[in-house]
Each structure stands twice: as C-alpha cells, then as structure tokens.
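The values are calculated or read from the model by the stated rules, or taken from the named source; none is laboratory data. Just so it is clear, the structure is predicted and the values come from calculations on it, not from any experiment. Note that we place each Cβ from the backbone using ideal geometry, even for glycine, and neighbour counts take in every protein chain shown.
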Amino acid sequence: MKSKSDTKKSKKLAATAQQMEKCTQTPGSSTSSDMSESSRSRVGPARIFLSGRATKCHIKGLTQAEESKWSGPFWFMQAADTQLGMIDSYQNKKALPNHDAEIELCNRLIHIANNAKPKPRFLIVCGDLIDAWPRSLRAQQVAEFKKRFDLLDKQIKMICIPGNHDMDDKPTPDTVAEYRFDFGDDYFTFWVGGVKFLAINSQYFINAENVQEHKRGQDEWLDRELAPDNTKPWIHYIGFQHIPPFLEKPDEAPVYVPQTTLPFNYPNAIERDAYIKRLKAGGITYLFCGHYHRNAGGSDDTLKIIVTTAVGCQLGKDRSGFRAAIGIILRNAQNTVEIHYYPDEFYQRILRIN
C-alpha cells in the first residue's frame, strides 16, 4: 500500500508528465520542466541541470534559429549505457551494488572530451544512464551521474536520452515523469552547424502498454519532424535512440537478452520495417543507438544504424569507449560524416581532429 506521501508524489509526477507531453511550444515558452532556482534547491538530484537538458523539445542554444548555418567542420561524441551500478549488480552479483567502476569509466570519457582539441560540440549518452537495480538506488545513481557529468567543460553540451533502465522496461506515467523531472524531455530536436539531430524515446516502440498517451505524443511529434521537406534545410539529419531497430540487418530475427523477454532490437518485423521506412522518408541518414553493450550496426539503403557498446558493463569482447562523429563539409565536393570508435585504452591521449 502506498503512503500518503508516495501518493502525493505520484500525482505530482503524473501532472508533470501530462504538462510536458506535447512538444508544440516554441523555444522560450514555459513548461513544467523549467523550474525556478528556489525549486531546484529543494529537489535533490535534480539540483544539477545538465547543459544539454531539453525543454519544449528543444535545447537552449542549439535551436534552428541559432545553429542552422554551416560554420566549419565540427565533431561530437556519442556514448551509451554508462549504467551506473551494472558492473557490480550484473557481473559481480552484488545485492547492493556500488558504481565505482562506472564512475572511473565516466571519468575517462569526460577527460577525453575536456582535453580534446578542438572540443566536441556535444556529448550525448544514448540511454541507460543508470542501472536503477535495485530501484532503491535510483536517486543515488541519478545524483552521481549528474554530479559527474557536470564536470564536463561548459563549452560542450551534455545531452541525455532515456533507455529502459532509466524509465523501466515497462514504463508508466510515473517513471516517465520521474525521468523528465531528473533529465528533461525524453524526445526532442536540436541543431549544430547546419546539421539537424533527432532524439527519440525508443521505449515507446518496445512497450507502451501503460503510456499510450505518451507514445501518441511522440508519434505526433515524429510526424511533424519527419514530414517530407523538399527544401531540406539541413546538411545532414541524424537520429539518436537507445534500442536499435536492428543490430546488423533490417530483416534479422528478434534478439533477446538471455533468459528474458527484453529485446535487443525491434522484435516485431512489420513495425520495424515501418519505422525504418518512416526514418528514411523523413531524411534520417544515420541513427546512433546503444543498449546492446557491444559494437554493431548495419544499413538499409540510405539509413545507417550505428550501435555503440557501453561505457560501463560489457556483454561482449569490446572495450568501453565512444563514437567520434566528425562532420566534414565540401571535402572532395561531398558532404560526409566520418565515424570512429575509440576504446578506453586511448583515454590518456588528447584526441586531435585536423
């Protein structure tokens, strides 16, 4: 049975989710995801607002009005599955895990970003920011994640999107609102140097049984963001989400976490195919994902899927690391994106992009 305080909290979170659901506002309008300084001082882990926190489905400083023009080559870092606590809980089988191992790996990631010349325009973590197992450790892990990544150089936007551990395998209005309260919107767009980026909540495609209104909100938003645009105001259109539609081939069989019903890819072939067609029709050419805890990827015509292994716990033979994506314009008369994976043995090096 829920206590009165739990019931009150649930109602507050549900109200937050409902108010944040529709991303029809323009940048600068207010929603409940914006909080006053006095409010921030009372909300524990949410006291730290990461620099790339999205509100109204936009990121301040990275809107189309501010970043629609090409101004020279830039690069960004994409990581996934920092998943604070998983190494201790999954590999070491501890009932009350700590997250010291993940913190060290996150420190390495931050070190690379802060010391790179030039610096990346942003660092994005594609879901499973924390492990939240057991769930009683969630608040502690959220606080440590935000404290750690608040050390990122302020020139680098720190952007997050949700994974299944961030709002549960079977999300509810409360878990969605909890994520939004801690990290901001769970789907949004942003622009950097003429490139448009689309951040998607993949949980709504895997299990939306308890969050049909939330799924509908994202679907309506995707319809707008993926509507055919003959003017193509972007140089590239790049997507991010946690769970990949496929790992290697668009017609592959469903792949599940061993001894569970949790999929590593989209299990419904018809829905997967429709989703891929939707992305391609909207102009998406690259989709960066995580979730698999291994490096993988494939392509379907014009759409490339890039699956990046975990910063934290590895389930295969890869090393903890990140993707470095470099936007190169008008080199050999082509608009290209170069993508590289850097495992953690390079973390002491200063990454230089010429």
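At-a-glance table
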quantity: Tally of residues being under 18 Å from Asp131 (Cβ atoms) and more than 20 Å from the chain's Cα centre (by Cα) across the stretch 100-119; calculated: 3
quantity: Residue identified as free of Cβ contacts under 8 Å to residues at least 12 places away in the same chain, surrounded by fewer than 23 Cβ atoms within 10 Å (Cβ to Cβ) and either in contact with a strand residue (DSSP E or B) (Cβ under 7 Å, 6 or more places away or on another chain) or closer than 20 Å to Ala269 by Cβ (or both) among Lys249, Lys215; calculated: Lys215
quantity: The stretch 277-300 - residue that is in a loop (DSSP other than H, G, I, E, B) and touching a residue at least 60 places away in the same chain (Cβ under 8 Å) and, of those, surrounded by the fewest Cβ atoms within 10 Å (Cβ to Cβ); calculated: Ile284
quantity: Every residue from the stretch 119-149 that is part of a helix (DSSP H, G or I), out of contact with any Asp or Glu (no Cβ under 6 Å at 6 or more places or on another chain) and of a type outside the set (Phe, Trp, Tyr); calculated: Arg135, Ser136, Leu137, Arg138, Ala139, Gln140, Gln141, Ala143, Glu144, Lys146, Lys147, Arg148
quantity: Residue match in the stretch 248-270 (condition: closer than 24 Å to Ile326 by Cα and of a type outside the set (S, T, N, Q)); calculated: yes
quantity: Unmet requirement for Met1, which otherwise passes all of (1) modelled with pLDDT of 90 or more; (2) over 30 Å from Arg121 (Cβ atoms); (3) not in a helix (DSSP H, G or I); calculated: (1)
quantity: Which listed residue, of Ala177, Ala227, Ala199, is within 30 Å of Ser71 (Cα to Cα) and in contact with a helix residue (DSSP H, G or I) (Cβ under 9 Å, 6 or more places away or on another chain); calculated: Ala227
quantity: Some residue of the stretch 109-118 being in a loop (DSSP other than H, G, I, E, B), of a type outside the set (S, T, N, Q) and within 30 Å of Ile235 (Cα to Cα); calculated: yes
